[in-house]
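S.K.: This is the structure I want to talk about, given as structure tokens.
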Amino acid sequence: MPILREIMINRFPAADPSEMNFLLSKIVERKYQPDTYVFEEGDEFKGAFFIIRGRVNEKSSWIDQELIIGNIVGVQYLLPGLSNTYLSTAKTSTYAILAVIPKEIIEYQGFVCDLYKEAAEEYILLNRRIFGLTDANEKHIIRIAGASTVIKLNKGKKTAFKEGGLVFKRRPYSKLKGYIIMPSEKIRKIRKESIVMIFPKDFSLYLYKGISVCEALKSFYVKTSNRVKAQKDLQTEDILNIDESRIDDSRTITTGMDNSMSRPTLYKQRTIVQN
């Protein structure tokens, strides 16, 4: 039976031992009966909730999704600049065991990219106007967020955004006017530390053809539908083999611990809100 320490190492592979020790010293494990509120819209933010066991439904006017083992409920509220109150309501669909993750985790570099990646779908949906995606289909946004990668760019680095992407934190170079980076071979010097979601290559090929971002999202969604279904089927099999976990007595990570556990790709199970 895996313990929470091992699950957290697997979930946040970039975190160093001191960062992981901090998380484990702050994390609180809670058990919920079915149909129990985890948080309600308008409540003061008190943390996000990593699902160890069970399913949780998160719902509001802008989102309606069922989250599963390995997902983090309310992860978007960990990101800087977002609301200090919950903008959605979360309720357990089944018996659930959740690990409460504190706001301070975002201050540790080893967690940053994983948290932005987990929150990418919600972050884009909350900021459609900023990204110029008000006309984009929600399903298409969710698909591209799941297929993209999130990177942190350090000041002074030189890079080409060959696949393009979306800026999540600070525009990386001076001539970028909006928050969408179109694919380009041009080398750019990063003027300030930034967080960027990089598009997958298959998607960027549509943008190179000169079509709009919304049309590219639609084409990418159609092309990848069968591939994503197969990955979700495999994930479901893996989830069925995960049992209840607990924090071990020490809560401590040492530098000699085996950190070779493979990290699964987890796809959120969603019910799309029909406008």
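S.K.: Kindly list the number of the only condition in (1) without any contact (Cβ under 8 Å) to a residue 24 or more places away in the chain; (2) of a type outside the set (Val, Ile, Thr); (3) farther than 22 Å from Tyr221 by Cα that fails for Arg129.
M.R.: Unmet condition: (3).
S.K.: Only residues that are over 20 Å from Glu138 (Cβ atoms) and either at pLDDT below 90 or of a type in the set (D, E, K, R) (or both): list them for segment 203-225, please.
M.R.: Passing the criteria: Tyr208, Lys209, Gly210.
S.K.: Related question: Given the options Ser184, Ser219, Ser225, name the one that is touching a strand residue (DSSP E or B) at 6+ places or on another chain (Cβ under 7 Å), over 20 Å from Ile72 (Cα atoms) and either part of a helix (DSSP H, G or I) or in contact (Cβ under 8 Å) with a residue 24 or more places away in the chain (or both).
M.R.: From the options Ser184, Ser219, Ser225, the qualifying one is Ser184.
S.K.: Return only the number of the condition from (1) surrounded by fewer than 18 Cβ atoms within 10 Å (Cβ to Cβ); (2) more than 30 Å from Asn137 (Cα to Cα) that Ile105 does not satisfy.
M.R.: In the conditions (1) surrounded by fewer than 18 Cβ atoms within 10 Å (Cβ to Cβ); (2) more than 30 Å from Asn137 (Cα to Cα), Ile105 misses (1) alone.
S.K.: Quickly run through segment 190-216 and pick out the residues that are within 23 Å of Lys158 (Cα to Cα), assigned to a loop (DSSP other than H, G, I, E, B) and not β-branched (Val, Ile, Thr).
M.R.: Once the filter is applied, which keeps residues that are within 23 Å of Lys158 (Cα to Cα), assigned to a loop (DSSP other than H, G, I, E, B) and not β-branched (Val, Ile, Thr), segment 190-216 yields Arg191, Lys192, Glu193, Phe199, Pro200.
S.K.: Next question, about the same structure. Where in segment 107-165 are there helices (runs of 4 or more DSSP H), lying fully within it, with 3 or more residues that are over 26 Å from Gly47 (Cα atoms)?
M.R.: 138-147
S.K.: Still on this structure, please answer the following. I'm checking my understanding of the structure. Among residues of segment 200-216 that are in contact (Cβ under 8 Å) with a residue 12 or more places away in the chain and either not assigned by TED's automatic domain parsing to the domain that holds Gly146 or not hydroxyl-bearing (Ser, Thr, Tyr) (or both), which one is surrounded by the fewest Cβ atoms within 10 Å (Cβ to Cβ)?
M.R.: Lys201
S.K.: Does at least one position in segment 212-220 carry a residue that is within 22 Å of Gly110 (Cα to Cα) and under 19 Å from the mean Cα position of the chain (by Cα)?
M.R.: Scanning segment 212-220, I find no residue that is within 22 Å of Gly110 (Cα to Cα) and under 19 Å from the mean Cα position of the chain (by Cα), so the answer is no.
The values are calculated or read from the model by the stated rules, or taken from the named source; none is laboratory data. What you are looking at is a predicted structure, and each value in this text was computed from that prediction instead of being measured. So basically every Cβ, Gly included, is an ideal-geometry build from the backbone, and we count neighbours across all protein chains shown.
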